[in-house]
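The values are calculated or read from the model by the stated rules, or taken from the named source; none is laboratory data. Since the structure is predicted, the reported quantities are computational estimates derived from the model, not experimental observations. Because the Cβ atoms are built from the backbone with ideal geometry, glycine has one as well, and the counts that use them run over all protein chains shown. The accessibility values were calculated without ligands, DNA or RNA, using every heavy atom of the protein model including side chains. Shrake-Rupley method; radii C 1.70, N 1.55, O 1.52, S 1.80 Å.
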Amino acid sequence: MADTLKIFSGNANIPLAKAICDHAGVKLSECEIVKFSNENLKVKICDSVRGQDVFIVQPSCPPVNEGIIELLIMIDAVKHASANRITAVVPYFPYVRSDKKDEPRISITARLMADLLQTAGADRVMTMNLHSPQIQGFFRIPVDHLLAGKLLCEHFNKHGTENCVVVAPDAGSAKRAGAYAVRLGLPLAILDKRRHDDSESPAIHNVIGDVKGKRALIFDDEIATGGSILEVVKALDNLGVTEISACCVHAVLSGSAPERLKNSSLNKLVVTDTVSIPETKKFDRMTVISVAETFAKAIMCTNRGTSISGLYHGY
Ligand code: R5P
């Protein structure tokens, strides 16, 4: 028989954790998180977890670094409270873009995060749309890498895709965008975006494929400063597209991104709720699709020991 399922949440995205609980038919378990005057955190798990199957929901959301420590302390607290198994549910993985040593004397921080989760006591990790899927290999414990592609494509299929072309914002995302194009039965165009430094201001050099007179659907894994998407929007405008929709799994929306996107010629922005989006960052052309049901299904299957491969398909 499966161990009793308990779901906890850190402070990062409580609405998502509650929505996951609603779909799973489980009450969100309580914990107290106290911050002392010296900025140390204390976590107290309020329910017994002895012998239980515990899931802790904590995506990377601002304040990112505090959220990471909170998650590590929660895992440690649950471990010392004798949980049978602990799954870190991290819908948006912290430091996910720092996954290789592409400059001298830098940290491979995504790997460090993987090590920290395991050291704290996580037995499994559940995440969504990693910047590079091979980050799964940073772990020695099982990683369930869920994908939002099905949800996002369902949205576009529902709203019509006549005369659309899927646009990959850079060569690195071509494989992912290609999978979306196949799923939607649409052609693919690839932009040649290059970053020359850390200034978060990429430049578009070329386009491969036919976009003129078409409705563009841009797919990306995340939108942070909005620099990449805005550069793509500018390039597509110049290339004569008739309409532009952008679709990103993780809506980081840092700094003035919401304002800049709102003031751009982007017709529609579709994102998920892996990262919590304050009302002040939302605007009328933005649609938020919830990943809660997908995570709830994965959590329930994991608890029962049944396959979740149906939740892996299609980026
Ligand atoms: C880059 O490789 C990613 O796929 C995204 O395009 C990037 O993280 C978005 O960041 P920003 O919105 O700051 O350009």
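Points to keep in mind about this one:
- Being of a type in the set (A, V, I, L, M, F, W, C) and either within 25 Å of Leu146 (Cα to Cα) or out of contact with any helix residue (DSSP H, G or I) (no Cβ under 8 Å at 6 or more places or on another chain) (or both) is a property that Ile86 has.
- Test: residue in region 265-276 that is away from the ligand (no atom under 13 Å from the Cβ) and open to solvent by 60 Å² or more (accessible area, probe 1.4 Å): yes
- The residues of region 246-256 that are more than 21 Å from Asn129 (Cα to Cα) and within 10 Å of the ligand (Cβ to nearest atom) amount to a single one, Gly255.
- Among residues of region 82-97 that are within 22 Å of Ala19 (Cβ to Cβ), those with a Cβ under 7 angstrom from a residue that is open to solvent by 10 Å² or more (accessible area, probe 1.4 Å) and of a type in the set (Val, Ile, Thr), sequence gap 6+ or separate chain, pair up as Thr87/Thr302; Pro94/Val64; Pro94/Ile68.
- Where strands (runs of 3 or more DSSP E) fall entirely within region 127-228, those with at least 2 residues that are surrounded by fewer than 16 Cβ atoms within 10 Å (Cβ to Cβ) are at 188-194, 203-208.
- Here His131 fulfils each of the conditions (1) free of Cβ contacts under 8 Å to residues at least 60 places away in the same chain; (2) within 21 Å of Thr274 (Cβ to Cβ) apart from (1).
- Between Ala174, Ala224, Ala189, the distinction of being within 12 Å of the ligand (Cβ to nearest atom) and more than 21 Å from Ile289 (Cα to Cα) belongs to Ala174 only.
- Test result for Arg97, modelled with pLDDT under 95 and either crowded, with 17+ Cβ neighbours inside 10 Å or not acidic (Asp, Glu) (or both): yes
- Subset tally (residues that are near the ligand (Cβ under 10 Å from one of its atoms) and either of a type in the set (A, V, I, L, M) or more than 24 Å from Thr127 (Cα to Cα) (or both)) for region 227-245: 5
- One residue alone among Arg111, Arg105, Arg124 is open to solvent by 30 Å² or more (accessible area, probe 1.4 Å) and touching a residue at least 60 places away in the same chain (Cβ under 8 Å), and that residue is Arg124.
- Of the strands (runs of 3 or more DSSP E) lying entirely inside region 3-82, those containing at least 3 residues that are buried (at least 23 other Cβ atoms within 10 Å of the Cβ) are 5-9, 53-57.
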